Amino acid sequence: MRRKQPVPAEDSGLTRRAFPQGALAAAALGGVSLPGHTQRDWERTTDIRISSSQQVPLIFDVDVLVIGGRLAGVAAARAAAEGGLRAAVIESETYLGYEFGAWQRPWIEWRKNRAGLLRAWLPVDGMSDSCADGEHVALHMQRLKMKLEDRLLEHGVQILYASRPVSYWREKHQWLVVIGNKSGRQVIRARYVVDATEQGLMTYLAGQGESEVGAAVVRRTV
């Protein structure tokens, strides 16, 4: 069955600010694009043949594909875009900042020598003016997710949620990464791939990593 074209955001009434409100909307639309752009602007119509009987839609053609929307992945995608490269991020969850959301750790330890960096990336304006060094600063999770999103969207980075890599192959000097989500299988073409997942998903698929994940250290819960 041919995958239906998604409804453009301007027609559906769903804005980028409203997008994180529900996982259902995230699963239905899958990606986020720049304000004023519709889903069709970033989703390609080209099909890639992966077998003699199967074709998969090519949705992104970028310079850098970052797999995993953790803080490292967000920073890598932003750096690539600032360097003039076309970048995209795919994330298995429906939000960025896995370390805060999935780990239920909605705070940071304030560091005065890194105040500029923290304010640039996290929603701490007005809450941290009088914080002592090492003091814990609470984060508003919804604002955090939107702040991280904005850091990418303002530089044209494409974001695709609820997706993960399932296979890949090489085409000369490019990667063709097959991802799976509720739309089925899709392909992203990239010159470079950055694996920023906790488990090293892409590294494992490429036969360069271990399948087991080491023990995590948990300081506290809320």
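Name the residues in segment 145-162 that are surrounded by 14 or more Cβ atoms within 10 Å (Cβ to Cβ) and closer than 24 Å to Pro106 by Cα, would you? Lys145, Met146, Lys147, Leu148, Glu149, Arg151, Leu152, Leu153, Ile159, Leu160, Tyr161, Ala162 - these are the residues of segment 145-162 that are surrounded by 14 or more Cβ atoms within 10 Å (Cβ to Cβ) and closer than 24 Å to Pro106 by Cα.
Checked against (1) out of contact with any Ser or Thr (no Cβ under 9 Å at 6 or more places or on another chain); (2) farther than 22 Å from Pro106 by Cα; (3) in contact (Cβ under 8 Å) with a residue 24 or more places away in the chain, Gln174 passes all but condition (3). Candidates in segment 146-186 are the residues that are in contact with an Asp or Glu (Cβ under 8 Å, 6 or more places away or on another chain) and of a type outside the set (Phe, Trp, Tyr); of these, the one that is nearest to Leu201 (Cα to Cα) is Ser163. Elements of the type strands (runs of 3 or more DSSP E) sitting completely within segment 45-161 and holding at least 3 residues that are closer than 20 Å to Gly180 by Cα and modelled with pLDDT of 90 or more: these cover 55-67, 87-90, 158-160.
Conditions tested, residue by residue: (1) surrounded by 15 or more Cβ atoms within 10 Å (Cβ to Cβ); (2) more than 19 Å from Asp61 (Cβ to Cβ); (3) among the acidic types (Asp, Glu); (4) over 18 Å from the mean Cα position of the chain (by Cα).
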| position | (1), (2), (3), (4) |
| --- | --- |
| Gln104 | no, yes, no, yes |
| Trp121 | yes, yes, no, no |
| His136 | no, yes, no, yes |
| Arg164 | yes, yes, no, no |
| Ile179 | yes, no, no, no |
| Arg191 | no, no, no, no |
| Asp195 | yes, yes, yes, no |
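The values are calculated or read from the model by the stated rules, or taken from the named source; none is laboratory data. If you're wondering where the values come from, they're calculated on a predicted model, not measured in any experiment. In this analysis, Cβ positions are derived from the backbone assuming ideal geometry, glycine residues included, and neighbour counts consider all displayed protein chains.
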